[in-house]
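Take a look at the structure set out below.
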Amino acid sequence: MLLVLQSANSFLHSIYEEFNNKKISLANTKWICDDYITHPTQVFTCSKGMDLVILEQKSLTCHKIVNKIDTTWPHFRIQLYVDVYSYNTIDGNDYFWVGISEIFLSESLCISPYNPFCEKIRQLKQCSSYNQISLIRKSYFKEVGHSQQQVSLEIRSEADQSFDDESYLFRNVQIILDRCYKTCKTCSGEGKEQCLSCYDDIVLSSNNSCDSCKNKMVDNFLQIPDGCRNKCNNNYDYDEDQVCFEDINLQVKCEVDCELCTNTQRCLICKTQKYLYFGQCIDQCPKYTIVYGTNCLSDIDILLKNKNLRITELVREFHDLSTTKRSINAIFQITSTNNQHSFQKGNDIYYSYFSNKRIFGGPLVWVNAIFKFTKSWNQEFQYIKIFFEVILGDIELDKNIFTYKINDQQQETITLNSTFQGNNPNIEDQIWPNDYKFNIYKVEKSINNLISTNKQLTMEIMCQNINELGFCGIQNMVVIGFSNCEPEYNFGLFNYETGRNPCIPICGDKIIVGDEECDDGNNDPFDGCFNCRYQCEEHCSDCLYGQCIGLQCTIYVRLFVEILSIKVMNNVMMVTQNYDGCSNCQLIQYDKCDLELDIQNYHCAVCHYGKCIKCNEGLLLDGDICVSICGDGLLNLLDEECDVQRGDGCIDCKIQDGYVCGKQNYSICKTCDIECTQCFSLDKINLICQACIDGYYPVEDKCQLCDLNCITCKQQSNLCTSCYRPDCEYCESIPGLFGDKITKKCNSICGDGILVESYEQCDDYNLNDGDGCDSQCNLEYSDNSINQIKYYQSLANNTYDLKLITQQPFQFQCNIVNITIENMDSQDYHYNCTQVDTLTCRLQFDFKKSIYKFNIIHVKLGLTNSIIRLLLENEKSIQFDITPNELIILTQDQTKQSEQIKGAQQSFNFVFLIMIPISIIFNLFNYLWAVLEILMIGQISQVFQLIKD
């Protein structure tokens, strides 16, 4: 029987999960309808998508269903998750209700893409046969105080029409407990000192904590929630306080490929021909994993299996349904979004469902937005490793872009440029069309924490899409930190960076660990143990576990050497001189290979029968070849200046400027104090600091503090070269001032009741706004008082001076201006705003069309306090309303018509001058006057037409 345990210290506990499989069955459900007899039976199923539980119309019994869920584990709060779907023509009176009767919780929501009274969310396309019918989804989340031993959950629909017309549906119901501290029976919070009562006869202490049962004479094991017992249930293990470990809730309603799973849908055993990867059963392992039996192991899984490495798991999220809204908000903060297609499941819902797990982001959630991931810690770690998988989806390739930047590393980009290879039926669980493109990409990064004093991992992640159906998601996120190897091991940076076991047994410490066969405390050859491997002693041909069981022929040669003739001896010596390293039965020296030149060329220190068995210092033996590897911590003085496994100062085995490095294996490099800005190496051994940051002065390789009144000093602490004040006195000698080492100025302390001239306008003993003196010790002014001291002056050439009349130290920000003109578009004019003086901005316009007095000009300007701080923010910016001087500007057509009229006038004047003497001679003056009146009327009508145009 498989036992899966969880620690009793876990504060978040998922105690109920239902309707989370792709295919839902109501055959054995404990949910009951409003008559407390009937069970719900209707499931909405289609060829593409996940099953949904149907709530009947309001007039039928199963429009309301209830369930009583045991919550006997001590807790103080619950989290409730429900995915709600609306179907078709939901109107403003049709609500979905969620209630918990014992705490009198009752909440409703209305979702519809069309109804103005309901929350508008995008229509889904899960079922191909229902493309013309609206189906939309929203995630309901509620966190509420609760300590009872049962949750009476009620879900109901107020839709008043049949299912074909409208309905509410749901799936993915989950309840998570916020658990009490392990020794509390009841509590007000998760802390050890937030207990309200203790188990059995244990008395609540004065600091509201409870002892465990381990100090009792009998029944000294605490079994949650039963109390003190004489042993743990099922002989489970227990922690240091003798609190029994708990059994993770297993369930049989697993996905089709899973044999056994938890109630958060994390699979524990897959069915045959399936591989287990992050709690999910898949057809084949990803290329970046190693197949280990029926498991797919990533590099981070392999590290976690290493028992010789001290590892702390800092984050593990998005691998099943255990991820909560609170755990997401604890590590992710949204920093920017400019797209209406994001967060369509709810403004504060940053997760969705993919491959039967909660992932960060996802369809309709993360389309275009920037998030910041943050994780801090208090422990000392050498390295931090982060692993996660990025899911990108879109209706076309090369348009979905995901970027991320970890700490101070370079920003990296992933683009959806290829489709997922293999069968993935989970694609049907979303809103995508059949030809949708998606893929999964691995991100794995390592951070050297030794070079950073900030115990924090930050990552800025951005999703960029031009399509509404594009999305980014993150799954299987793990962050680990490791401090060091166990004492009998050395940490090997080369092994770590190449994905091997970074913990290397220390050969020569007389402790046999790992893959060591022996360890005799030395590194000498031919003593039965060499390089922590059994080896035959000198002159021994066969041995077992280092013990000789057969002698070499050379030992027999030496036994009879005294009776050999000089001639034979000379022959033997001649053979020895011609030794080629291959013969086994010769009198040879075991401390050298063939010729001294060969030893030098191949860097071998000790050879045995023509094979190298020990290398020169700083080289590694690879088979029988000596190799030098930069980064292995072994210093090869012939080729390397340094070889440091961790820290700065050594790059490509070359010592960097401003560092000195040790000349022993596994040494480190060092530099001057962190406050030093110019550090130099004098002789590759000693360091000298020549300059420090402000507030320090150099002494050898260190930086010493200057006196408090100095910004900078030289040679000794009291010899100031620059000060906070011109007279080099302490800022603190003036009441209310202090020396600010960041701004390098004397600053006042707002709120201390001491008014410091030229630093503060007021100080009323508090930091409250709205009482006449704000939180930054500036006088507060109402909009009315500001409006009484403003005015504008009209100048020539469409120019206006905007002014304030005041003795207060205000200053216009003429570069922060916003202008709107009534009944005119922004392309109808250009403007330039310049600073005349601190209280005057000059505004000049270039109009492209006529402007009249009714085209009021509205100008908003930024206003600051000229001493130090911002006075008015954007929502209170000072506004000028200018009545403009009228200006008529003719269009090209109007100018052409004007020239035509002018030409007609000139022609008329010429004809009229000729007609006057003729009309007098022939007595036709009355006729001439009548013609003149007709011509004038026509000319006037042309003018009016020009004005109208």
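The values are calculated or read from the model by the stated rules, or taken from the named source; none is laboratory data. What you are looking at is a predicted structure, and each value in this text was computed from that prediction instead of being measured. Cβ atoms come from the backbone with ideal geometry, glycine included; neighbour counts cover every protein chain shown. Note: areas computed on protein heavy atoms with side chains; ligands, DNA, RNA excluded. Shrake-Rupley method; radii C 1.70, N 1.55, O 1.52, S 1.80 Å.
Only residues that are open to solvent by 50 Å² or more (accessible area, probe 1.4 Å) and assigned to a loop (DSSP other than H, G, I, E, B) were counted across segment 629-658, and they come to 10. Taking interchain pairs and intrachain pairs at least six residues apart, which have beta carbon atoms under 8 angstrom, with the first residue in segment 893-904 and without any contact (Cβ under 8 Å) to a residue 60 or more places away in the chain and under 19 Å from K849 (Cα atoms) and the second of a type in the set (A, V, I, L, M) and open to solvent by 60 Å² or more (accessible area, probe 1.4 Å)? That search, which allows pairs on different chains as well, returns S898/L890. Is it fair to say R358 is part of a helix (DSSP H, G or I) and over 30 Å from P505 (Cα atoms)? In short, no. Just so you know, in segment 136-153 the residues that are open to solvent by 10 Å² or more (accessible area, probe 1.4 Å) and under 13 Å from C110 (Cα atoms) include one that is farthest from the chain's Cα centre (by Cα), and it is R137.
Consider Q761 carefully, then state whether it is open to solvent by 40 Å² or more (accessible area, probe 1.4 Å) and either out of contact with any Pro (no Cβ under 6 Å at 6 or more places or on another chain) or in a strand (DSSP E or B) (or both). Criteria not met by Q761. Hey, does segment 392-414 have a residue that's free of Cβ contacts under 8 Å to residues at least 40 places away in the same chain, more than 15 Å from N448 (Cβ to Cβ), open to solvent by 50 Å² or more (accessible area, probe 1.4 Å) and assigned to a strand (DSSP E or B)? Checked segment 392-414: at least one residue is free of Cβ contacts under 8 Å to residues at least 40 places away in the same chain, more than 15 Å from N448 (Cβ to Cβ), open to solvent by 50 Å² or more (accessible area, probe 1.4 Å) and assigned to a strand (DSSP E or B).
Within segment 379-391, residues that are within 21 Å of I461 (Cβ to Cβ) have Cβ atoms under 6 Å from residues that are charged (D, E, K, R) in these pairs: I386/K445; F387/E444; E389/K442, counting only partners at least 6 apart in sequence or on another chain. Only one of the numbered conditions (1) open to solvent by 10 Å² or more (accessible area, probe 1.4 Å); (2) in a strand (DSSP E or B) is not met by Q379, and that is (2).
If the condition is being in contact with a strand residue (DSSP E or B) (Cβ under 7 Å, 6 or more places away or on another chain), modelled with pLDDT under 85 and over 25 Å from T671 (Cα atoms), then segment 708-718 contributes L708, N709. Here segment 461-476 is the region considered, the condition is being buried (at least 21 other Cβ atoms within 10 Å of the Cβ) and outside any loop (DSSP other than H, G, I, E, B), and the residue that is modelled with the lowest pLDDT is F471.
Here segment 95-128 is the region considered, the condition is being closer than 25 Å to S342 by Cα, outside any loop (DSSP other than H, G, I, E, B) and open to solvent by less than 50 Å² (accessible area, probe 1.4 Å), and the residue that is modelled with the lowest pLDDT is I111. Figure legend. Inter-residue proximity from segment 768-788: first residues farther than 16 Å from G862 by Cα, second residues surrounded by fewer than 14 Cβ atoms within 10 Å (Cβ to Cβ) and hydrophobic (A, V, I, L, M, F, W, C), beta-carbon distance below 8 Å, spacing 6+ or different chains. Indicated pairs: S775/L767.
Scanning segment 825-859 for residues that are crowded, with 18+ Cβ neighbours inside 10 Å and farther than 22 Å from S877 by Cα yields Y829, I851. A Cβ distance below 9 Å, combined with a sequence gap of six or more or placement on separate chains, defines the contacts here; from segment 494-515, residues that are touching a residue at least 24 places away in the same chain (Cβ under 8 Å) and farther than 17 Å from F482 by Cβ reach no residue that is of a type in the set (F, W, Y) and open to solvent by 30 Å² or more (accessible area, probe 1.4 Å).
So that you can scan it fast, the table gives a plain yes or no per residue for (1) under 30 Å from Y829 (Cα atoms); (2) over 60 Å from the mean Cα position of the chain (by Cα); (3) at pLDDT below 70:
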{"site": "N885", "(1), (2), (3)": "yes, no, no"}
{"site": "I914", "(1), (2), (3)": "no, yes, no"}
{"site": "P917", "(1), (2), (3)": "no, yes, no"}
{"site": "L946", "(1), (2), (3)": "yes, yes, yes"}
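Taken over segment 184-212, the criterion of being out of contact with any strand residue (DSSP E or B) (no Cβ under 7 Å at 6 or more places or on another chain) and either open to solvent by less than 60 Å² (accessible area, probe 1.4 Å) or closer than 17 Å to R77 by Cα (or both) is satisfied by G191, K192, E193, I202, S205. Scan segment 11-42 residue by residue and report those that are surrounded by 13 or more Cβ atoms within 10 Å (Cβ to Cβ), within 30 Å of T186 (Cβ to Cβ) and at pLDDT 90 or above. If the condition is that a residue be surrounded by 13 or more Cβ atoms within 10 Å (Cβ to Cβ), within 30 Å of T186 (Cβ to Cβ) and at pLDDT 90 or above, then W31, I32 are the ones that fit. Name the residues in segment 672-690 that are part of a strand (DSSP E or B) and more than 20 Å from T743 (Cα to Cα), would you? Of everything in segment 672-690, those that are part of a strand (DSSP E or B) and more than 20 Å from T743 (Cα to Cα) turn out to be Q678, C679, F680, S681, L687, I688, C689, Q690.
From the list T743, T671, T712, T721, the one residue that fits, being out of contact with any helix residue (DSSP H, G or I) (no Cβ under 7 Å at 6 or more places or on another chain) and within 30 Å of C642 (Cβ to Cβ), is T671. Can you tell me which residues in segment 219-246 are open to solvent by 50 Å² or more (accessible area, probe 1.4 Å) and out of contact with any strand residue (DSSP E or B) (no Cβ under 8 Å at 6 or more places or on another chain)? Those that are open to solvent by 50 Å² or more (accessible area, probe 1.4 Å) and out of contact with any strand residue (DSSP E or B) (no Cβ under 8 Å at 6 or more places or on another chain): D226, N235, E240.
Name every residue in segment 154-177 that is crowded, with 19+ Cβ neighbours inside 10 Å and out of contact with any Lys or Arg (no Cβ under 8 Å at 6 or more places or on another chain), in order of residue number. Residues satisfying the conditions are E166, S167, Y168, L169, F170, R171, N172, V173, Q174, I175, I176. Select from segment 11-46 the residues that are closer than 21 Å to D164 by Cα and under 30 Å from the mean Cα position of the chain (by Cα) and list them in ascending order. Within segment 11-46, no residue meets the criteria.
In segment 259-299, which residues are at negative phi and within 26 Å of the chain's Cα centre (by Cα)? Within segment 259-299, T264, R266, Y277, Q280, P286, K287, Y288, T289, C296, L297, S298, D299 meet the criteria. When restricted to residues that are at positive phi and surrounded by 15 or more Cβ atoms within 10 Å (Cβ to Cβ), segment 515-543 contains 5.
Going through segment 231-258 one residue at a time, which ones are of a type outside the set (K, R), part of a loop (DSSP other than H, G, I, E, B) and modelled with pLDDT of 85 or more? Answer for segment 231-258, where residues must be of a type outside the set (K, R), part of a loop (DSSP other than H, G, I, E, B) and modelled with pLDDT of 85 or more: C232, D239, E240, D241, Q242, D257. Checking each residue in segment 760-787 for being of a type outside the set (S, T, N, Q) and modelled with pLDDT of 80 or more picks out E760, C762, D763, D764, Y765, L767, D769, C773, D774, C777.
Looking only at residues in segment 321-349 that are open to solvent by 10 Å² or more (accessible area, probe 1.4 Å) and under 19 Å from L12 (Cα atoms), the one that is modelled with the highest pLDDT is I331. The set of residues in segment 764-799 being farther than 30 Å from I851 by Cα and open to solvent by 50 Å² or more (accessible area, probe 1.4 Å) consists of Y765, L767, N768, D769, G770, D771, Q776, L779, E780, Y781, S782.
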